[in-house]
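Visitor: The structure that follows is given in the form of structure tokens.
The values are calculated or read from the model by the stated rules, or taken from the named source; none is laboratory data. Note that the structure is a prediction, hence the values are computed from the model and not measured. Cβ atoms come from the backbone with ideal geometry, glycine included; neighbour counts cover every protein chain shown.
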Amino acid sequence: MPNSPLLTALRPVPSTPDLVEQVYRRLQDAMASGQLAPGQRVTQEELAKQLVVSRQPVLQALRLLKKDGLLLDAPGRGLLVAPLDVQRIGQVYDVRQALDGLAVRLAAERRAPLPEALFRKGREAFASGDIAAMIDADMAFHMAVYEASGNPLIADSAALHWQHLRRAMGVVLQSHTILDTVWDEHEAIANAIAQGQAETALALVHQHSQRARENLTARLNQWLHPTPPPAPHNDPETP
């Protein structure tokens, strides 16, 4: 069989080294923790220096982050960490709620149990007050539900949206605590899944997502638009 003209015209794609992925993940984590704050300017040279790597993997990682919408072109030179937008976070929750609903329904149909260690680690993270650990534990629960659904496309579809949520959660948790009911809600969802109660699991995950959305967007609004302190009261009769 003769070679297709299209195939013979294609050039080989150079393999991407694992270092690019490591830099990409490290910068994602820095955005979630607040080390790289919304609106902060970043340059390829400075990041390469701080991470002690060459400029090439940093350049490729920055291109990926820009494609994800986490970085924007800065005036002049370099890039800016994208500002946080309450409306965008609300839209992310719209999509995540749909994906979570599909995931719990499929997982309940399979009566798929979630690992007990998830809940132990989640409660330990909550008790520790470690922001990164709390975010990672919350994300691990939802990823476990996606895996339990048996449909790998759900996790793939949710991955980008979680990057934006991690950033918003990281900013909010700098000054607020996570809802103290979150792991009770997680356990209730997991129990409904394990018992095959698809409608109950679906209702619980929708309530959980809506509560998380309202809490996060309200606190993010406070962070973006802080209330100025009251002006001092000048009483002319007070010496």
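Visitor: Report, by residue number, each residue of segment 114-133 that is surrounded by 13 or more Cβ atoms within 10 Å (Cβ to Cβ) and part of a loop (DSSP other than H, G, I, E, B).
Guide: Once the filter is applied, which keeps residues that are surrounded by 13 or more Cβ atoms within 10 Å (Cβ to Cβ) and part of a loop (DSSP other than H, G, I, E, B), segment 114-133 yields L114, P115, D130.
Visitor: Is there a residue in segment 15-35 that is surrounded by fewer than 15 Cβ atoms within 10 Å (Cβ to Cβ), in a loop (DSSP other than H, G, I, E, B) and touching a residue at least 12 places away in the same chain (Cβ under 8 Å)?
Guide: Yes - at least one qualifying residue is present in segment 15-35.
Visitor: Kindly state which helices (runs of 4 or more DSSP H) lie completely within segment 134-239 and contain at least 2 residues that are modelled with pLDDT under 90, β-branched (V, I, T) and within 14 Å of the chain's Cα centre (by Cα).
Guide: By residue number, 152-172.
Visitor: While we're on this one: State yes or no: is R77 of a type in the set (D, E, K, R), outside any helix (DSSP H, G or I) and either over 18 Å from Q35 (Cβ atoms) or at pLDDT 90 or above (or both)?
Guide: So R77 fits the description; yes.
Visitor: While we're on this one: Quick test for you: out of G76, G101, G90, pick the one residue that is under 27 Å from V23 (Cα atoms) and either under 21 Å from the mean Cα position of the chain (by Cα) or not aromatic (F, W, Y) (or both).
Guide: When all the criteria are applied, what remains is G76.
Visitor: Return the residues of segment 146-178 that are without any contact (Cβ under 8 Å) to a residue 60 or more places away in the chain and among the aliphatic types (A, V, I, L, M); say none if nothing qualifies.
Guide: A148, L153, I154, A155, A159, V172, L173, I178
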